[in-house]
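A short write-up of the structure that comes next.
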């Protein structure tokens, strides 16, 4: 896998309404209670470095959309400082487990001690350093949900494959498929690129066209479940700019997709 650069944007506490399409069995699944979501956001173990991102990242709405359950196992791919890992920790509870994926290497070794201390109070967050191109140290069919937050734009293009999904990204998605339980969910949050833009252009903007994301992920065997289209919409974002150079950090129009491994 190519080197992943984790881009973060900041985020809100307000529980809001949003629309997404879902199958009957998905809709029938019990949603996490507002209390558990509130408790996750209010958890005093979360540092200011995380809570200051809440206004832009909208954790209440995103957690409701993801629909985790008590006891779930979550793989937070490219977890970085653990924004989502820390929130997931409270929602899944003591019987659940969070794998905070990190790319193994010198950079991780420098942050390992600090991350270990940071995650220790949560009790169920497990650092998971993995070498590039290596399999996850996780059993087949053992994970309920995988999160991929603002990373897809580093995965959907390479010069070698042009307008096709890069081979290493196909391998990564297949690894997601291996570790997910049948019926497990794959969540993608990503900066939107304007419809019809090429992979090269959108990758240069650090964005992904939603249609490209859907075609790629469905193309490797996942089912598209639904989206939360109104969560991150900014009419001042023209969808074809390098957002961190145009003052749109934490303010981009972004999509939130939910995919599922077939049962």
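Observations on the structure shown:
- Residues being touching a helix residue (DSSP H, G or I) at 6+ places or on another chain (Cβ under 9 Å) and either without any contact (Cβ under 8 Å) to a residue 12 or more places away in the chain or on the phi > 0 side of the Ramachandran plot (or both) - total across region 165-201: 2
- Lone unmet requirement of (1) outside any loop (DSSP other than H, G, I, E, B); (2) exposed (fewer than 15 other Cβ atoms within 10 Å of the Cβ); (3) modelled with pLDDT of 95 or more for residue 71: (1)
- Residue that is surrounded by the most Cβ atoms within 10 Å (Cβ to Cβ) [pool: residues in region 242-263 that are outside any strand (DSSP E or B) and touching a helix residue (DSSP H, G or I) at 6+ places or on another chain (Cβ under 8 Å)]: 252
- Qualifying strands (runs of 3 or more DSSP E) (wholly inside region 89-180; at least 2 residues being touching a strand residue (DSSP E or B) at 6+ places or on another chain (Cβ under 8 Å) and under 24 Å from residue 210 (Cα atoms)): 143-149
- Matching residues in region 102-126 - criterion: being buried (at least 18 other Cβ atoms within 10 Å of the Cβ) and without any contact (Cβ under 8 Å) to a residue 40 or more places away in the chain: 102, 115, 119, 124
- Scan of region 68-101 for residues that are touching a residue at least 60 places away in the same chain (Cβ under 8 Å) and at positive phi, ordered by number: 78, 80
- Restricting attention to region 139-157 and to residues that are in contact with a helix residue (DSSP H, G or I) (Cβ under 7 Å, 6 or more places away or on another chain) and surrounded by fewer than 20 Cβ atoms within 10 Å (Cβ to Cβ), the residue that is nearest to residue 114 (Cα to Cα) turns out to be 142.
- Some residue of region 227-235 being within 23 Å of residue 88 (Cα to Cα) and surrounded by fewer than 18 Cβ atoms within 10 Å (Cβ to Cβ): yes
- In the set (1) surrounded by 16 or more Cβ atoms within 10 Å (Cβ to Cβ); (2) out of contact with any strand residue (DSSP E or B) (no Cβ under 8 Å at 6 or more places or on another chain); (3) closer than 20 Å to residue 258 by Cα, residue 33 fails one condition alone, (1).
- Residue that is under 27 Å from residue 58 (Cβ atoms), out of contact with any strand residue (DSSP E or B) (no Cβ under 8 Å at 6 or more places or on another chain) and touching a residue at least 40 places away in the same chain (Cβ under 8 Å), where the choices are 255, 222, 244: 244
- Test result for residue 74, within 20 Å of residue 190 (Cβ to Cβ) and in contact with a helix residue (DSSP H, G or I) (Cβ under 6 Å, 6 or more places away or on another chain): yes
The values are calculated or read from the model by the stated rules, or taken from the named source; none is laboratory data. Just so it is clear, the model here is predicted, and its values are computed rather than measured. Backbone-built Cβ (ideal geometry, glycine too); neighbour counts: all protein chains shown.
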